[in-house]
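Just so you know, all these numbers are worked out from the coordinates, no wet-lab data involved. It should be emphasised that the depicted structure is a prediction, and the values quoted were computed from it without experimental measurement. Methodologically, a virtual Cβ is constructed for each residue, glycine included, from the backbone with ideal geometry; neighbour enumeration extends over all protein chains shown.
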Amino acid sequence: MNDPFQILGLPARFDLDPQELDAQHRQRSLVAHPDRLRGRPALERRQALSLAMTINEAHRALRDPISRARALLEVRGHSHADLPEKQLDPEHLMLTLERRENLREARSEKDQKRLAELLAEVRTEKASVIEVLRAAFEDSGKLSEAGLAQVAKALSELRYAERFLDEAEAVDF
Amino acid sequence: MLLDIFDPKAPPTPIGIDLGTTNSIVAYAQDGAPRALVTCDGGALLPSAVYYPKGGKPVVGRLAKAKKLSEPRQAITSAKRFLGRNYSEVQGESFRTEALVKPRSAEEDKIVRFDVGGREVTPIEVSAEILRSLYSSAKDQLQNVGGVVITVPAYFDDAQRQATRDAARLAGLEVLRLLNEPTAAAVAYGLEQALEGSYAVYDLGGGTFDVTVLSLSDGVFQVQSTSGDTALGGDDIDRAIAQKMHDFAGYGDHGSPELDALVLDQARQLKHLLSESEESEVVLPGPKGTELNFGMSQAELGALVSPFLERTERIVRRALKDAHQELSDVAGVILVGGSTRMPAVRKFVSELFQKEPLSSIDPELVVAYGAARQAAALAGTGEDVLLLDVLPLSLGMETMGGGVDKILPRNTPVPAGARATFTTYADNQTGFELHVVQGDRELASDCRSLARFSLKGLPPRPAGLIRLEVEFHVDENGLLRVEAKEESSGRSAEVEVRPSYGLSDEEIEDMLIDALEHGESDLERRRVKDEEVEARRILLATHKGLTSDADLLEQNELEQVRLAVQALETLLESPHGEPKRQGSALQQASDFLAQVTHEWAGKRMNRAISGALSGRTLGAVQGEVDQARGVEAHLEEHRRGKRSGADRPEEE
């Protein structure tokens, strides 16, 4: 895939300002969106179309922290194979199972308070995992082995947290 | 103005049409102000009703709506509810007063056909009748009418959108774009009040509910998410009231279409009365010619409406979550749709968002106004706005076992592209059956089927060793193209998913037969000419680019660009062969050039933007980038086109 940071003219960093990300996306869309090229040759419009797709794709990739981290790894010269096999931390696995059980109970007992506590807990965890990722990418250049392991662990935890939040936020009494 | 002199060279005025379930409106925008045009009924609102008299010409509007009571089967109202839906989907609906033709084949089940007394008409034809009437009113008042933007519910699926396009084609309209109704309303408010920030549009119409979250900034309207229910609206409330009336009057199961139509009409009447007063009553026919009074209070209606409103709250929350926003992030709420006039709905919305909804523009007209402004923007005669829309529903492929692999999830901004890889599941499998579906359900059978195609002749290999790359592309009009390629054998297949649900292309062609001006070979020749002009323009642009930005290319890339340029130039100079072959060869060579210059174009754009962004306006940036593209020549042409208003219509 093309480098989404380069496409959107942004520094290859993990902590991007979401407003700046949106603004860069807007600037580029104003230039490349096919609606801006009406009346121009079809080939030019086709090219704009594919450019606009690339811009949208880059925006999507950078908006989401997981795909942003992956893009950043690629920019820093790592391949997918560099990430250590994700080993489930047994402790984190236990925690995840416990939370699922809690969510199930909160749902069946229609326990608003418990659900809110669970949501708050996982949201806090998500924020701290994102902080870990930010720190791991702080220095430029390739990541150390330890750094890669840290990123791999954080990414797996982030995935769990997001999946849990998806489910918990959809609960409807 | 003393005289309205018809100027034959007057530029065509683009128009916007709100093709509503209950009422339709046509509007245009001039000097930054939208205006509704007068319809054949004398006002801005044209009831979306068509009456088919025996042996006579169809009648549209108020008269047709009135005929619904005396001849319910000859008059079709709310045809929009049936657009793009099939017989089995709608035949079970209660209080349906139209006579449906039972499908005689599987093919016929794909579309609803009304029996209007010996004649069969489809919802597409009914909608075309309404569009035709609006178009002719517009022509009377504007003389020269250009392209049209037609609004549709945000949650319309591909079948429903295509049916709308088909109706426009039947009515002889050139569609610039289908625009989502809530987005149209946001455009109307956004431009009038120069809004900035995050806005939610709550659109409860006659038959559908949508909510859309947008961010407005720098003249860009970016849809963040959209969500909705195509079968939730004021009609459901009418039916709920009608059911109460039925139970009250004890009509039993033997309601005739005439009685049902009357009860529904009274239910609607009562609902409208309750928007004005706390309590109201209507008269229902009782046994043996007697009359019954049926009364209701606003509170009772509120209780009846409450389950529907709770359903809308769930949809609002989902849309906000998809937009990564909280209720408190929303700077304002825009209400759209006739049903939002109900006090219970307004109260519910302001409590939910903790804000009074915006209301300075007439809610009946706001959607048509937005459509008119977007039409002007697209034709280059209006304000400088850009609308960035999203996919309303996920697009995906059916997997083994009937699941769905979502390739482009809902709320992905368009234009959009995405890839996925599939592998063979059986040993020596030499082909793939590909099924493209639309929707957010887990099973393919619950989603809308868009296209099926297959890729055959693959080399026999053990399972999992053949890798199929599937690419989805959605363009700015929402049209989907799917490409499948197998690397090792180089086999590929491609479909343009442009489904015509129910009406085949031949049927439409038949209906359009008199509109055909050119024979096929004429069309072919014209196409080749267009291709040639295109090719020359793009060569010019590429040469200019090579002069200014060749340093952005690697040596081997530069070589490739030169080769592609050479190939295209050679083809242009060679004597013309058979038009068809010549055309496709040119197309291929142009495509190749586009392909090898794609990445370069991106780099050039970035160079131009970063060079230009230091403290200058967007207009200047745009100019700079145009320079970088080396397209001054085109721009000049574009300007000329703009002045005469003769923007070339989009090729479909």
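For this structure, a couple of remarks:
- Under 5 Å, built H, 5+ apart or other chain: amide partners of B:His324: none
- Tensor-based shape of the protein assembly as shown (alpha-carbon gyration tensor, a/c under 1.5 rounded, otherwise prolate or oblate): oblate
- Placing unit charges on the Cβ atoms only, positive for Lys and Arg and negative for Asp and Glu, gives the range B:48-91 a dipole magnitude near 140 debye about its Cα centre.
- Among the residues of B:377-387, the average count of other protein chain beta-carbon atoms within 10 Å of the residue beta-carbon is 2.
- Karplus-derived HN-Hα couplings along the range B:343-354 (A = 6.51, B = -1.76, C = 1.60, θ = phi - 60°), whole Hz, x at Gly and Pro: x, 4, 5, 4, 5, 4, 5, 5, 6, 5, 8, 6
- Working note: Karplus 6.51/-1.76/1.60 with θ = phi - 60° gives the range A:7-20 the couplings 4, 9, x, 10, x, 6, 10, 7, 8, 8, 6, x, 5, 5 Hz, where Gly and Pro are set to x.
- Considering only B:Ala376, B:Leu69, B:Pro12, the residue lying farthest towards the positive end of the dipole of the protein assembly as shown is B:Pro12, judged by Cα position with unit charges set on Cβ.
- Think of the range B:1-127 as a dipole: +1 on every Lys or Arg Cβ, -1 on every Asp or Glu Cβ, centred on the Cα centre; then among B:Val60, B:Val90, B:Val126, B:Val90 lies furthest on the positive end.
- Highest-MSF residue in chain A out of A:Gly147, A:Gly77, A:Gly39 [GNM, Cα springs under 10 Å]: A:Gly39
- Cross-link reach is defined here as a Cα-Cα straight distance under 24 Å, omitting same-chain residues fewer than 8 places apart; for A:Lys113 the lysines meeting it are A:Lys126, B:Lys321.
- Subset of B:Lys244/B:Lys271; B:Lys54/B:Lys110; B:Lys65/B:Lys110 violating a 21 Å alpha-carbon distance limit: B:Lys54/B:Lys110; B:Lys65/B:Lys110
- With neighbours defined as other Cβ atoms within 10 Å of a residue's Cβ, the residues B:Asp140, B:Asp551 order from fewest to most as B:Asp551, B:Asp140.
- Annotation: the residues B:Glu93, B:Glu129, B:Glu433, sorted from fewest to most other C-beta atoms within 10 Å of their own C-beta, follow the order B:Glu433, B:Glu93, B:Glu129.
- B:Arg467 long-range amide H proximity, modeled H, under 5 Å: B:Glu487, B:Ser488
- Nonlocal amide H pairs with B:Asn144, under 5 Å, H built at 1.01 Å: B:Thr13
- Residue order, fewest to most beta carbons within 10 Å, for B:Val26, B:Val101: B:Val101, B:Val26
- Nearest-20 debye value, chain A charge dipole, Cβ charges on Lys, Arg, Asp, Glu: 980
- Backbone phi angles across the range B:185-199, fed through the Karplus curve with coefficients 6.51, -1.76 and 1.60 (θ = phi - 60°), yield HN-Hα couplings of 4, 5, 5, 4, 6, x, 6, 5, 10, 6, 6, 9, x, 9, 10 Hz in residue order; Gly and Pro are listed as x.
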